[in-house]
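Report on the structure given below.
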Amino acid sequence: ISHQKATDIGWWDDVSSSFGVSIVVGRLWGMPGITVGPHQQFDIGWAEAVAVEIGLQMACHHDLLHPQGVHNRKILVRSDNSGVVQVVNRGRSRSHDTNTVLRRIYLSLADHNIHLAAEHVTSTENVADPLSRGDVPGFLARFPSATMQSDCSLPRDLQSLLTLW
């Protein structure tokens, strides 16, 4: 699997410490609110891993992983945070809280027999960037193929930490 090219299902994520998490998977989008950073319970690295977890849940909830076929089970996820790209590709972090999120991600990946390949993009290339700052009109103007806000609920472990918009 490591030499296979990752399947692109249109998965992008971003986090803004002042507004929240944004995830785009295909034509679907979601933007749970969260506050991270100094004097908060969690840091931006944790929130970036949470964005991947929510993106994975969205992709599973909307059945976006099955049409790829069993011949390629590696899925591309894009982020403008190089730290989360390294953490997802490496499978571990120095942060206990981030490793807790990674554990949930990798259990779900094993359940679905898939792997992730994270790729770094610049903030200007990141489709999810305006959404992470709460700019829904700017996001929709920049990415008109995103036609539906996801109805996916938050993972149980995150429901008390995030709010859905």
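The values are calculated or read from the model by the stated rules, or taken from the named source; none is laboratory data. All values reported here derive from a predicted model rather than from experimental measurement. Quick note on the areas: whole protein, heavy atoms, side chains included, nothing else; ligands and nucleic acids left out. Shrake-Rupley method; radii C 1.70, N 1.55, O 1.52, S 1.80 Å.
Where only protein heavy atoms count, and the probe is 1.4 Å, what is the accessible area per residue for the range 73-165 in Å²?
Numbers: 5140 Å² over 93 residues.
Per-residue accessible area for the range 73-165 comes out at 55 Å².
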Subject >> For D43, solvent-accessible area (1.4 Å; no DNA, RNA or ligand), Å² >> reply: 80 Å²
Original post:
Which residues' amide hydrogens lie under 5 Å from the amide hydrogen of G20, considering only partners 5 or more residues apart or on another chain, with H built in the peptide plane?
Top reply: I34
**OP:** Collect residues whose amide H, placed 1.01 Å from N in the peptide plane, falls under 5 Å from the amide H of A118; neighbours closer than 5 in sequence don't count.
**Re:** V77, N89
